[in-house]
Amino acid sequence: MEYLIALDDGHGMSTAGKRTPYISSLNRFIKENEFNRKVVNNLEEELNRSGLKTVLVAPGDEDTPLSTRVSRANQAKADAYISVHYNAYDGSFSSPAPSGIELFVYPGHLNREAGRLAESIGNHLKKGTSQHYRGIKEADFQVLRTTSMPAVLTENGFMDNLDEALYMIKPEFQKEVAREHAQGICDFFRVPYVSDSAKRKPSYVGRRVESIYDGRLRFYHHPSWSDRSLAGYLEKGYGFPVILSKLSVDGYFQYEVENSKGARYYVTASNKYVRVVN
């Protein structure tokens, strides 16, 4: 079954007040959407790689009305709604500020689908960068109240806590938060999470290649077509048990292959001369 996830990056780039206090070490403010947008973009990639479809309900940098965001998700018949945010306390670094992660669902939904989805995401957020875990809470937010699917709003730190404010623009933190959201969503829908390091390999990698040429097919010691690199010939039906990669050599493709003893060679990848089997 295919699932569709509505992704909301919370606020716009110019939304009034949605920024950190002035950070002297950076000589600027950090806008909340600088974080939200990066996380949602990364999250979309994570989910798509794992086989889930996505719809961005607030594409672009403008502050899309909440009603429009919800309407887009409802009309698309999304299976879940995820709104990514960064929290704030009093808008100042001068007083002690709280810190940490919290997640929100609509009142009365803690023990329903939304609550279970929030718990699944929270379980992964807790495993990342060391932050106080503030738990799952209830709130009458419009994106939680008027959505017709399980909806979760996440607050991934406090903009007026200096340490956490600086996390907002760290690419590794943005990617981590996106990955943890994706892992939680995948767990909830019982879909295997596919990590970036486990991207699906090309279909030919690890398979056998054999000659379909009626004559003697040349193979080479190096990525080359020259006689000086010639290693030997393949008779029809003979080949190499493992393809390692495919590369372009002077405008034509060769397979990098390995024989049963682990020696590497190069042979044409043209389907006029070879076929990939197994």
Inset, instruction - Identify, by number, the condition in (1) within 30 Å of A151 (Cβ to Cβ); (2) outside the structural domain of A118 (by TED's automatic domain parsing); (3) among the small types (G, A, S) that S226 doesn't meet. - result: (1)
Inset, instruction - Please find, within the stretch 118-133, the residue that is modelled with the highest pLDDT out of those that are crowded, with 16+ Cβ neighbours inside 10 Å and outside any helix (DSSP H, G or I). - result: Q131
Legend entry - Count - residues of the stretch 35-62 that are surrounded by 17 or more Cβ atoms within 10 Å (Cβ to Cβ) and of a type in the set (D, E, K, R): 4
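Given G17, G51, which one is assigned by TED's automatic domain parsing to the domain that holds L117, at pLDDT 90 or above and out of contact with any helix residue (DSSP H, G or I) (no Cβ under 7 Å at 6 or more places or on another chain)? Outline the logic, then answer.
Details: G17 fails: at pLDDT 90 or above.
Unique residue meeting the criteria: G51.
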Inset, instruction - Could you list, in sequence order, all residues of the stretch 41-90 that are in contact with a strand residue (DSSP E or B) (Cβ under 9 Å, 6 or more places away or on another chain), within 24 Å of A165 (Cβ to Cβ) and part of a loop (DSSP other than H, G, I, E, B)? - result: A58, A88, Y89
Inset, instruction - Could you identify the single residue in S224, S248, S270, S203 that is polar (S, T, N, Q), surrounded by fewer than 15 Cβ atoms within 10 Å (Cβ to Cβ) and part of a strand (DSSP E or B)? - result: S248
Legend entry - The listed residue being in contact (Cβ under 8 Å) with a residue 40 or more places away in the chain, small (G, A, S) and within 20 Å of E113 (Cα to Cα), out of A88, A58, A73: A73
Inset, instruction - Tell me, please, whether a residue that is over 15 Å from A182 (Cα atoms), among the aliphatic types (A, V, I, L, M) and under 21 Å from the mean Cα position of the chain (by Cα) can be found in the stretch 86-96. - result: no
Inset, instruction - Have a look at F93, F104 and point out the one that is aromatic (F, W, Y), without any contact (Cβ under 8 Å) to a residue 60 or more places away in the chain and surrounded by 15 or more Cβ atoms within 10 Å (Cβ to Cβ). - result: F104
Legend entry - In the stretch 20-61, residue farthest from A182 (Cα to Cα) [restricted to those that are out of contact with any Asp or Glu (no Cβ under 8 Å at 6 or more places or on another chain) and of a type in the set (K, R)]: R28
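The values are calculated or read from the model by the stated rules, or taken from the named source; none is laboratory data. Values in this document were obtained by computation on a predicted structure and should not be read as measured data. Don't worry about glycine lacking a Cβ; one is built from the backbone with ideal geometry, like all the others, and counts go over all protein chains shown.
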